[in-house]
1. For T327 and E269, compute 0.36 nm times the residue count separating them, minus their Cα-Cα distance, and round to one decimal in nm.
2. Starting from the 7 Å offset along Cα-to-Cβ, what nm value, one decimal, do you get for the label separation of E195 and A20?
3. Write down the accessible area per residue of the stretch 12-338 in Å², having rolled a 1.4 Å probe over the full set of protein chains.
4. Report, by chain and number, residues whose modeled amide H sits under 5 Å from the one on E142, excluding near sequence neighbours (fewer than 5 apart, same chain).
5. Which percent of the accessible heavy-atom area of the stretch 12-338 goes to carbon and sulfur, probe 1.4 angstrom?
6. With N denoting the number of residues in the stretch 257-340, provide Rg(C-alpha) divided by 2.2 N^0.38 Å, to two decimal places.
7. What lysines does K118 reach when the alpha-carbon gap must be under 23 Å and sequence neighbours fewer than 8 apart in one chain are set aside?
8. For T188 and L71 in one chain, what is 0.36 nm times their gap in residues minus the Cα-Cα distance, to one decimal in nm?
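The values are calculated or read from the model by the stated rules, or taken from the named source; none is laboratory data. Worth saying up front: this structure is predicted, and the values here are computed from it rather than measured. Glycine also receives a Cβ, built like all others from the backbone with ideal geometry; neighbour counts cover every protein chain displayed. Side chains included, ligands, DNA and RNA excluded: accessible areas come from the protein's heavy atoms. Shrake-Rupley method; radii C 1.70, N 1.55, O 1.52, S 1.80 Å.
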Amino acid sequence: MLSTDPTNAMTSDCLRAIDAIPKADLHLHQEAERCLDRIFSRRDGRPPYDWSAWRRQIIETVPAGQERLRLIGTVKPVPLADDDDDLFVARFAELLEFEAEAGAHYVEVRGDGRTIRKARFMELFRQAEQRAQEKYPQLRAEAIAIIMTTLPADEVAAIADECVRARGDGLAGVDFLYQPYLTDADWTPIHRLAERFAEVGLGVTAHAGEMSTANIAAAAQTPGLTRIGHGIHAASEPGLIDLLIDRGITLECALTCNAFLGATPSLEEHPLPQLIEAGVSVALATDNPIQVGTTIGREYLVAASLGLTIRQLHDIARNAIQASFTTPDRRAELLARLGP
Ligand SMILES: [Zn+2]
């Protein structure tokens, strides 16, 4: 973790300039139970689950890397109540408002197969977006489906069918999660599915290269794929850097999450500046902001603390919007907000 406040030693001009950047978060899991906990805690007049205590305990007792990664999403402070449409809308609105409050103009939320197969999913997601827009009119949001290829084959097929169908309702893209994640997996089934998704215009991204260089090359060769979730270990292999640049792939970098899980030895040693220096397109993201204790606004401050200039932070916001899976109209609208 970052040992000090990222805003230390930043001038007020610098903070203002970072605050003014219209930010986009391209890698955000739905944080379902965490959002419900925030809603219920307000309703019941109790404090929400103490994630900072949870993080301290993990840092003290769990070795960095794979073992911490496995703990993401295991604590569920309240039960999921997805059969209740009002709560379903409320928890997505909660997440979108959390993001918008921190300066997000654009957010892509990832839901698992069960979430996106809920009846009228996109309609309910749009209701949540509208609710968040009442408070934060600048916000635009899209939904992405996570395809977990480790699920039973018939379930993967049903989720894939639903993604293709939901493209017509406005589902923006898909994200692949698979096993093994830390060593090279067989990407043949993923490539086959991705071809089908790309054909109907769904954006394609995949988790890869978070803890090691494993799976980055196979991910980069996935049909229709334009982004990789993490991919930061490409920095250690010039061949992978070239591949990412050749293919025009944008990396979704989640600095705080990477540091918390131990994907890099420390935040100060995060390869973000090297990736930018090498010419790789990068975007900033939060991944699981409530659990790891960050916001998209804070990620920009952390990036600045790693030595990035305001110009580079602007470029990152532009990369994110350009690599987003939203509609051409929305993309143009968001790019216009960035200015020259
Ligand atoms: Zn992720």
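1. Numbers: separation 58, 0.36 × 58 = 20.88 nm, distance 3.58 nm.
Working it through step by step, the gained length comes to 17.3 nm.
2. In this crude spin-label approximation the distance works out to 5.0 nm.
3. Averaged over the residues of the stretch 12-338, the accessible area is 40 Å².
4. For E142, the qualifying residues are V107, E108, V109.
5. Numbers: 6510 of 12980 Å².
Here carbon and sulfur together make up 50 percent of the probe-accessible area.
6. Numbers: Rg = 13.6 Å, N = 84, 2.2 N^0.38 = 11.8 Å.
In units of the 2.2 N^0.38 Å rule of thumb, it is 1.15.
7. Excluding near neighbours in sequence, the set is K76.
8. 39.3 nm
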